[in-house]
1. For the subset of the stretch A:270-304 comprising residues that are over 23 Å from the mean Cα position of the chain (by Cα), part of a loop (DSSP other than H, G, I, E, B) and of a type in the set (S, T, N, Q), which member is farthest from the other protein chains (Cβ to nearest Cβ)?
2. Mind listing whichever residues of the stretch B:135-154 are under 20 Å from B:P240 (Cβ atoms), free of Cβ contacts under 8 Å to residues at least 24 places away in the same chain and not in a strand (DSSP E or B)?
3. In the stretch B:115-126, how many are surrounded by 24 or more Cβ atoms within 10 Å (Cβ to Cβ) and either without any contact (Cβ under 8 Å) to a residue 40 or more places away in the chain or under 20 Å from B:L171 (Cα atoms) (or both)?
4. Can you find even one residue in the stretch B:105-114 that is among the basic types (K, R), touching a residue at least 60 places away in the same chain (Cβ under 8 Å) and out of contact with any Ser or Thr (no Cβ under 9 Å at 6 or more places or on another chain)?
5. Just name the residue that is nearest to A:Y34 (Cα to Cα) out of those in the stretch A:83-104 that are over 17 Å from the mean Cα position of the chain (by Cα) and crowded, with 19+ Cβ neighbours inside 10 Å.
6. Please report, ordered by residue number, the helices (runs of 4 or more DSSP H) entirely within the stretch A:207-269 with at least 2 residues that are surrounded by 22 or more Cβ atoms within 10 Å (Cβ to Cβ), at the interface with chain B (Cβ under 8 Å from one of its Cβ atoms) and in contact with a strand residue (DSSP E or B) (Cβ under 8 Å, 6 or more places away or on another chain).
7. In the stretch A:314-340, what residues are within 14 Å of another protein chain (Cβ to nearest Cβ), under 29 Å from B:Q278 (Cβ atoms) and in contact with an Asp or Glu (Cβ under 9 Å, 6 or more places away or on another chain)?
8. Yes or no: the stretch A:121-137 includes at least one residue that is under 30 Å from A:L216 (Cβ atoms) and among the charged types (D, E, K, R).
There are 2 protein chains.
Amino acid sequence: MSFRFQVRVVTVVAFIWLASLPAQADLITEKRSYSIQNFATSGGELIPELRLGYETYGRLNADKTNAILITHYFSGNSHAAGKYRAEDAKPGYWDALIGPGKAIDTERYFVVAADTPVNLGAYDANVITTGPASVNPATGKIWGVTFPLLEVGDFVAAQKALMDQLGITKLHAIAGASGGAIQAMQWAADYPGFAGRYLLVIGPGTRLDARAVAELETWMQPILLDPAWKNGAYAHSSTPLQGLVLSLRNITLAALDTPWLEQEFGRQWSDAQKPPLQSLVNNFKVNDGLLAMARARAEQVDANHLLYMARAYQQFDVGDKVAAMRGQFLFVPAKGDRIFEPALSTQAAAQLIQRGMKAQVLEIDGGMGHLDGIFYITQVETQIKRFVDQGL
Amino acid sequence: MSFRFQVRVVTVVAFIWLASLPAQADLITEKRSYSIQNFATSGGELIPELRLGYETYGRLNADKTNAILITHYFSGNSHAAGKYRAEDAKPGYWDALIGPGKAIDTERYFVVAADTPVNLGAYDANVITTGPASVNPATGKIWGVTFPLLEVGDFVAAQKALMDQLGITKLHAIAGASGGAIQAMQWAADYPGFAGRYLLVIGPGTRLDARAVAELETWMQPILLDPAWKNGAYAHSSTPLQGLVLSLRNITLAALDTPWLEQEFGRQWSDAQKPPLQSLVNNFKVNDGLLAMARARAEQVDANHLLYMARAYQQFDVGDKVAAMRGQFLFVPAKGDRIFEPALSTQAAAQLIQRGMKAQVLEIDGGMGHLDGIFYITQVETQIKRFVDQGL
């Protein structure tokens, strides 16, 4: 029992970080990087250098009209598809969707996936990002919370700079899940007409409402409460681990729905010999399991980066820019999503349609809730392929 | 703006603690107490004395057949209706439901509301409870976490002792919201036939599923993370306040749904001059508002009591005792309830009906989510009155 539990927890962790279904073809990719000098933030600050990672799959055509941008979710990164080496255990998180002959067909499209600034995985060897954990070239010291706070608009501006560097003046489409859907919608607001099609999976529509702003705060608060956070001025060697683990645990719980939690953990105790009635230390499988998942993720994550990422998303609101948007929009919410419920996609689609654009909503249901957008996206692969290739 | 915000937050706090609509009649009540000597817990421990509070409304009839027990919610207490003094600002939390001529008519019924052991409000002058914050008579010191952990079955056994002391051998009905619905269902499991009717408002049905067990852990974790908790061995004067406030903030957020949060706070900043893009300290109205609500509650709450209460509910599972239950069951879930969604009530009703009992589900919707069970209960007052008076 205990061994099986261990194995399952590890499986889930791998799911969340390296996620995907078994690769059908060997799409081999590599992490690249690009730099932006003197990046001016939405808040009016100047960052001397933003160095960021990206991956590409497929080939850019001669007239540079076949590019699709993939924007990643809150705790994700630019490893959206393929493997770095054939022997890698898992491919990128949306490998089921992106690849030769797949819904986003790399035989047809040049797919670019980009790491955001303040990416959570500051200590992940496969993430290239700039944020509070980076060195401020002006001082030679870690920025910490002296790094400027960012908005989603800054993430998108950094991606626009990448497009400029690649010579791409028009995107065939932008596709993203969760935070990635937020970035895609920000693109629609900030660069209307730059992309023709938007695939918005498990997103919040055009703004974060009061409850979602508070939910993100639930993710931030454990770090702020941890004395080791030291107002953001900690060294990596003395990271606020307890707060960070609890934060990641809260994120993981929010991203999962009851059917999956019931199936994976149920209400059993972790150790049949240690009933929760005997000690506060004894716990249920679901609680120890969520903490184990969080602990396994924590090592690669910087606590300040998590705070910055949450704060960026809290500010997302392009509700008043819908009228200026251009293009076609396919929303894919998940039925049991406890972070961004399907009604939010329906409302956003209605707003767009009302302003003369084409929009459609396709709901998926895999029993995981929010994470259906990663693990059950192939439920609508045919419709996504049609949308990407032909539009609505 | 700032003044208006202050007033609204205070209103909400008063709502949650002293809740109700304006009293139509002056039902005057007083807090009483009762004691149980050598209380044997479910875990096999012995508590030398349990001293607990209760209130009554209306009069017990000669053959003692008109009693209705009211069991309280997680952070509630036995002040379910009426006022202690005519000049009190607010009556008990379900005053809209309980009183002369109301759905639970105190002209007809003798209503008893009981404080649970380990009640959160250890420092609330209107709560009488025994738990970790009480003095262990054997040592003359505060119990702390040496106090035995309890189950909901222990809460119910303590209420059964009160019934014994009042000479009540049969209850006309038991009614409770949230944790109170859990206690009522535990009554149905532990003392089948003792009560004839069960009113189960915003409850989880017959068990807490894996997600709800994890949600309760989200409420506990900030306290466990606070170094001032000191493994439960803190003095009241150095209470783990930060963790406790965050815990109460998480509870408050879980109990509220989007429409109310949007209306009350929206996504405005607390201070128009301090945008959240400028500093992590600057925040949104919804986050500062939830923290203010939590801070106002924290003074009367003991952190260990909160942990004990959560642990008691985590263990709730009477799923295998449904066949032995007797009586009629009216479930009142709330549409936007994010803690116990309506489907849980529907499932429990189906289980009871399948075993030959009468059960019905009436959904309410006031836009507050879980708290609709307190603030919008009069949406079904006619049906509740019929249920209490005539049954299904």
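The values are calculated or read from the model by the stated rules, or taken from the named source; none is laboratory data. If you're wondering where the values come from, they're calculated on a predicted model, not measured in any experiment. Using ideal geometry, Cβ is built from the backbone for each residue, glycine included, and neighbour counts are taken over all protein chains shown.
1. Of everything passing the filter in the stretch A:270-304, A:Q273 is farthest from the other protein chains (Cβ to nearest Cβ).
2. The answer is B:W143, B:T146.
3. 2
4. Restricting attention to the stretch B:105-114, the residues satisfying the condition of being among the basic types (K, R) are B:108.
Next, from what is left, pick out any that are touching a residue at least 60 places away in the same chain (Cβ under 8 Å): B:108.
Going one step further and asking which of them are out of contact with any Ser or Thr (no Cβ under 9 Å at 6 or more places or on another chain), we end up with B:108.
Taking every residue of the stretch B:105-114 in turn, at least one turns out to be among the basic types (K, R), touching a residue at least 60 places away in the same chain (Cβ under 8 Å) and out of contact with any Ser or Thr (no Cβ under 9 Å at 6 or more places or on another chain).
5. Going through the stretch A:83-104, the residues over 17 Å from the mean Cα position of the chain (by Cα) turn out to be A:83-90, A:99-104.
With the extra rule that they be crowded, with 19+ Cβ neighbours inside 10 Å, the set shrinks to A:83, A:99, A:102-104.
Details: A:K83: 20, A:G99: 23, A:K102: 28, A:A103: 28, A:I104: 24 Å.
Per the criteria, the residue is A:K83.
6. Numbers: elements: A:210-225, A:241-254, A:258-264.
Answer list for the stretch A:207-269: A:210-225.
7. Result: A:Q314, A:Q315, A:F316, A:V318, A:I339.
8. yes
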